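Contents: one structure, followed by commentary.
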Amino acid sequence: MRLPTPLLRRNKHSNKYDFGHALVLAGSRNMLGASALTGLAAMRIGAGLVTVGVPKSLNGILQKKLSNVIMTLSLPETKGQGLSYLAFKTIKKICSKYDALAIGPGLTVNPETKKLVLRIIRDIALPMVIDADALNALAKNPKMLLKNTFPKILTPHLWEMQRLTGLKKDFIEKNRLRVAKGFAEKYNCVLLLKGNRTIVCSREGSYINQTGNCGMATAGAGDVLTGIITGLLAQGINAFEAAKFGSFIHGLAGDLAAKEKTKPVLIASDIIDYLPKAIKACN
């Protein structure tokens, strides 16, 4: 697959601001690794800058987990060390600094955090990737997607898709393309349905990914995918193309990692490590 233009880096006069600034809102007390994986993947796929926003008491710990090329943002937190609804004021004030947003990995389903997620989906004027606990927050009110005209990419797995649609898992599994297309068209979003042969649908069309392997069924692999897609969005790639290329590159990196390390021992950070080889293989 031919790479999108921003990844080719042909302009010798480019600087980091030409390749976008991604904001990742993720992580909580027991799932801080999700924010680290998402942020690292966004940076590795080529975003010029990445900032990871986390509960303020976890900021110092996150800085130890992250690469020194990624910035962090301390935000108000709940008693359980998740993001508080009070964080919205800060996010709204600074959102114009960013080009794309990822929300969801490791956030928890605390009621206050869910309220924050829904407010962000409704009111923040940025292209965004909605994943994991942000999907769970959205499940009872998917019509919220129609209240914001900025591009939105949803990345559910089978169980998250069940919660979003109310359909039975068996029906979704047997009608993956039909269900994904129907949801994308109804809510004017890009729907990336994870699984064997990941499906990407929007009103623009559909794409069925052919890369990836069962070794990628490991904790954090979805967080890496979210980071990759967000990094592509930040570079100005449109939502459907970002989801399509993101799923392809994510799967290819997993295939290359599995070839050298074997499927049983694959972990999410291996996918990030093999992104440079995946990009090189596409040139």
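For the condition in contact with a strand residue (DSSP E or B) (Cβ under 9 Å, 6 or more places away or on another chain) and charged (D, E, K, R), what is the one hit in 280, 244, 263, 259? I'd like the intermediate steps shown before the answer.
Details: 280 fails: in contact with a strand residue (DSSP E or B) (Cβ under 9 Å, 6 or more places away or on another chain); 263 fails: in contact with a strand residue (DSSP E or B) (Cβ under 9 Å, 6 or more places away or on another chain); 259 fails: in contact with a strand residue (DSSP E or B) (Cβ under 9 Å, 6 or more places away or on another chain).
Step by step, each of 280, 244, 263, 259 is checked, and only 244 is in contact with a strand residue (DSSP E or B) (Cβ under 9 Å, 6 or more places away or on another chain) and charged (D, E, K, R).
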### Query
Among the residues of segment 189-199, is any closer than 26 Å to residue 115 by Cβ, touching a residue at least 60 places away in the same chain (Cβ under 8 Å) and buried (at least 21 other Cβ atoms within 10 Å of the Cβ)?
no
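Output the number of residues of segment 239-283 satisfying the condition of being at positive phi and of a type in the set (A, V, I, L, M, F, W, C). Reasoning before the result, please.
Going residue by residue through segment 239-283, those that are at positive phi are 262.
Among the residues that remain, those that are also of a type in the set (A, V, I, L, M, F, W, C) are: none.
The total comes to 0.
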### Query
Residues in segment 139-178 that are loosely packed, with under 13 Cβ neighbours inside 10 Å, touching a residue at least 40 places away in the same chain (Cβ under 8 Å) and either over 18 Å from residue 119 (Cα atoms) or touching a helix residue (DSSP H, G or I) at 6+ places or on another chain (Cβ under 7 Å) (or both): how many?
0
### Message
Cβ-Cβ under 9 Å, sequence separation 6+ or interchain: first residue in segment 257-273 and touching a residue at least 60 places away in the same chain (Cβ under 8 Å) and surrounded by 15 or more Cβ atoms within 10 Å (Cβ to Cβ), partner among the acidic types (Asp, Glu) and part of a helix (DSSP H, G or I). Which pairs?
### Response
268/223
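Taking segment 59-81 as the search range and keeping residues that are closer than 18 Å to residue 227 by Cβ and assigned to a helix (DSSP H, G or I), which one is modelled with the highest pLDDT? Show your work before the answer.
Here is the first cut: in segment 59-81, the residues closer than 18 Å to residue 227 by Cβ are 62-63, 65-73.
With assigned to a helix (DSSP H, G or I) added as a condition, the list becomes 62-63, 65.
Numbers: 62: 93, 63: 89, 65: 83.
So, considering only residues that are closer than 18 Å to residue 227 by Cβ and assigned to a helix (DSSP H, G or I), the one modelled with the highest pLDDT is 62.
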### Task
Just one of (1) buried (at least 23 other Cβ atoms within 10 Å of the Cβ); (2) closer than 16 Å to residue 103 by Cβ trips up residue 124, so point out which.
(1)
### Task
Of the numbered conditions (1) modelled with pLDDT of 95 or more; (2) closer than 19 Å to residue 185 by Cα; (3) not aliphatic (A, V, I, L, M), residue 141 fails exactly one; give the number of that condition.
(1)
### Near pairs, Cβ below 6 angstrom, 6+ apart or cross-chain, from segment 99-126 (farther than 9 Å from residue 25 by Cβ) to any residue that is among the polar types (S, T, N, Q) and surrounded by fewer than 22 Cβ atoms within 10 Å (Cβ to Cβ)
109/136; 110/78; 112/78; 112/84; 122/148
### Query
Does residue 90 satisfy being over 22 Å from residue 194 (Cβ atoms), among the β-branched types (Val, Ile, Thr) and part of a strand (DSSP E or B)?
no
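When you go through 236, 251, 227 one by one, which is the residue that is buried (at least 24 other Cβ atoms within 10 Å of the Cβ) and either modelled with pLDDT of 95 or more or part of a loop (DSSP other than H, G, I, E, B) (or both)?
On the way: 236 fails: buried (at least 24 other Cβ atoms within 10 Å of the Cβ); 251 fails: buried (at least 24 other Cβ atoms within 10 Å of the Cβ).
It is 227.
The values are calculated or read from the model by the stated rules, or taken from the named source; none is laboratory data. From a predicted model like this one, the values you see are computed outputs, not experimental measurements. All Cβ positions, even for glycine, are placed from backbone atoms using ideal geometry, and neighbour counts span all protein chains on display.
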